[in-house]
Amino acid sequence: MDERKEKIIQTLPFWDKLSGDEKEHLRKNTRFVKYDKDAHIHNCTGSCVGLVMVVSGGLRAYLLSEEGREVTLFRLGHGQICILAASCVISQLTFDAHIVAEKETEVLVFGAHAFLQLKETNLHVECFLYKLATERFSEVMWSMQQLLFMGFDRRLALFLVKEAENTGSNTISLTHDQIARLTGSAREVVTRMLKRFVEDELIELKRGKVVIADMEGLRLLGE
């Protein structure tokens, strides 16, 4: 048994509630998978992959319109689990979502059919799955609320602050096009708003980067 895999599996909140046979069944149906940057892990026409836990790197779930516009639903980092790739485990999941690796990413995939069997026999696993689905749904609703009811200046300010907090750096290495995809906007709108932020001395722009000059100012703008 891979010691690294065993250590990660044991962090699952229901692990101690599994029988010996259930633990072994889950071990046998769990594997590490590595994805290159921009690799698609799941889409609305793909197969049921299973539950995907981020070991390193990051994932992004988004909707794609007929015109090619992307609307980010949520993003996941180390230790977080994506349930949208396991639609066969919870039949109520009907999002036609795409899941892509934002950078070189390693994940631990819990086989869909193994989890489906555990869900049918173990109440703790079933509760975990529905709790996880509820958390992701809350993130989707927050994204939709921002998109529908919040001005883009506030959305962009919040996005930059959160990126800085997640990376631990005031320098955000994203192009205008990448920011547009992540915020559900058009590149031209992002460029125009970033220029306004520069004029307000909130940020500085460098090639492929945004440097936050006034973090508190951005936070106040996002409130």
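The values are calculated or read from the model by the stated rules, or taken from the named source; none is laboratory data. The model shown is predicted, which means the values in this text are computed figures rather than measured ones. Every residue, glycine as well, gets a Cβ built from its backbone with ideal geometry; the counts of neighbours run over all protein chains shown. SASA here: full protein model, heavy atoms, side chains in, ligands and nucleic acids out. Shrake-Rupley method; radii C 1.70, N 1.55, O 1.52, S 1.80 Å.
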_Please verify whether residue 56 is open to solvent by 40 Å² or more (accessible area, probe 1.4 Å), at pLDDT 80 or above and on the phi < 0 side of the Ramachandran plot, treating the condition exactly as stated._
yes
*Which residues, counting only those in region 147-160, are surrounded by 18 or more Cβ atoms within 10 Å (Cβ to Cβ) and either within 17 Å of the chain's Cα centre (by Cα) or outside any helix (DSSP H, G or I) (or both)?*
158, 159, 160
*Residue check: is residue 16 open to solvent by 30 Å² or more (accessible area, probe 1.4 Å), outside any loop (DSSP other than H, G, I, E, B) and of a type in the set (Asp, Glu)?*
yes
*Being in contact with a Lys or Arg (Cβ under 8 Å, 6 or more places away or on another chain) and at positive phi is the filter here, so list the residues in region 149-206 that pass it.*
184
_Matching option when the condition is at pLDDT below 90 and buried (at least 18 other Cβ atoms within 10 Å of the Cβ), among 51, 64_ = 51
*asked:* For region 187-210, which positions are surrounded by 14 or more Cβ atoms within 10 Å (Cβ to Cβ) and in contact (Cβ under 8 Å) with a residue 40 or more places away in the chain?
replied: 193, 197, 202, 203, 210
*asked:* Under 8 Å between Cβ atoms, which residue pairs at least 6 apart in sequence (or on different chains) link something in region 22-34 that is in a helix (DSSP H, G or I) with a partner that is open to solvent by 30 Å² or more (accessible area, probe 1.4 Å) and not charged (D, E, K, R)?
replied: 22/121; 25/117; 27/1
*May I ask you to list the residues in region 173-215 that are part of a loop (DSSP other than H, G, I, E, B) and within 27 Å of residue 140 (Cα to Cα)?*
173, 174, 175, 184, 185, 186
*asked:* Between 169, 138, 143, which is open to solvent by 50 Å² or more (accessible area, probe 1.4 Å) and of a type outside the set (Lys, Arg)?
replied: 138
